[in-house]
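Student: This structure is in structure tokens; I'll ask about it shortly.
Computed from the coordinates by the stated procedures, all read-outs in this text should not be read as laboratory data. A quick note: this is a predicted structure, and the numbers were derived from the prediction, not measured. Cβ placement follows ideal geometry from the backbone for every residue including glycine, while neighbour counts extend to all protein chains displayed.
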Amino acid sequence: MTYPDQRTDQEWQAVLNKEQFRILRQKGTEAPGTGEYDKHMPDSGVYTCAGCNAPLYKANHKFKSGCGWPAYYDSIPGAVTRHTDSTFGMQRTEIVCSSCGGHLGHVFKGEGYNTPTDERHCVNSISLKFSKDDPVDDGSKAKA
């Protein structure tokens, strides 16, 4: 699959630190409970891709799952692409940034969380940046 942002590994290494590169570009995973956004629960704002800054998740889609990684019940429409991941002898659904293909984590369905989608997007904190200013205006905000 190809993505709009087509930077080479060398170009990514110039803008990402070693851990960001390992996770975003080499499909790594940060240790549970260590990420900056695991317990981060703002009322508003948006989480963007740490690689390309594309908006991925709205803060109000985040929930406490207790899994050790940030959890969201849905992404911004079109922001996240799903792939089948058959590594480690199991079948999971990998999620990547639709703009640059950066690895975000995995999505799980049917775990019984009381959310509108019954999905848990389990995302590495290091794959994200947070902005309290929401660049994704869905038209629901009153205009001044």
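Student: Note the full-extension length gain between Gln10 and Thr115 as 0.36 nm times their separation in residues minus their Cα-Cα distance, in nm to one decimal. Mind showing how you got there, number by number?
Tutor: Details: separation 105, 0.36 × 105 = 37.80 nm, distance 3.98 nm.
Taking Gln10 through Thr115 to full extension adds about 33.8 nm, to one decimal.
Student: Return the sequence-ordered ³J(HN,Hα) values of segment 94-110 in whole Hz as given by the Karplus equation 6.51 cos²θ - 1.76 cosθ + 1.60 applied to θ = phi - 60°, using x for Gly and Pro.
Tutor: Taking θ as phi minus 60°, the curve returns 7, 10, 10, 5, 5, 8, 10, x, x, 5, 9, x, 9, 10, 10, 10, x Hz for segment 94-110.
Student: For the pair Asn53 and Lys129, how long in nm is the line joining their label points, each one 7 Å along Cα→Cβ?
Tutor: 0.6
Student: What does the charge dipole of the chain about its Cα centre add up to, to the nearest 20 debye, if the Cβ of each Lys and Arg holds +1 and the Cβ of each Asp and Glu holds -1?
Tutor: Using Cβ point charges on Lys, Arg, Asp and Glu, the chain gives about 80 debye.
Student: Could you bin all the Cα-Cα distances of segment 44-116 into 10 Å bins starting at 0 and give me the percent of pairs in each, rounded to whole numbers?
Tutor: Values per bin, smallest distances first: 18, 50, 29, 2.
Student: A further question on this structure: Build a GNM of the chain with springs between Cα atoms under 10 Å: which of Val46, Val15, Val80 gets the top mean-square fluctuation?
Tutor: Among Val46, Val15, Val80, the largest GNM mean-square fluctuation belongs to Val15.
Student: Over every pair of different alpha-carbon atoms in the chain, take the mean of 1/r and invert it; report that Kirkwood radius in Å. Write down the numbers at each step before the final one.
Tutor: Details: mean 1/r = 0.0644 Å⁻¹.
Kirkwood hydrodynamic radius for the chain: 15.5 Å.
Student: Taking C-beta distances below 4.7 angstrom as the pairing criterion, name the unpartnered cysteines of the chain, in sequence order.
Tutor: Within the chain, the cysteines lacking a partner Cβ under 4.7 Å are Cys67, Cys122.
Student: For each of Thr117, Thr48, Thr8, count neighbouring Cβ atoms within 10 Å of the residue's Cβ, then give the residues from fewest to most.
Tutor: Ascending number of Cβ neighbours within 10 Å: Thr8, Thr117, Thr48.
Student: If you don't mind, there's one more thing I want to ask. Extending each Cα 7 Å along its Cβ direction at His40 and Lys27, get the distance between those two points in nm, one decimal.
Tutor: Label-label distance for His40 and Lys27, simple model: 2.6 nm.
Student: 7 Å from Cα along Cα→Cβ at both Thr87 and Met1: what's the point-to-point distance in nm?
Tutor: Spacing of the two 7 Å Cα→Cβ label points: 1.5 nm.
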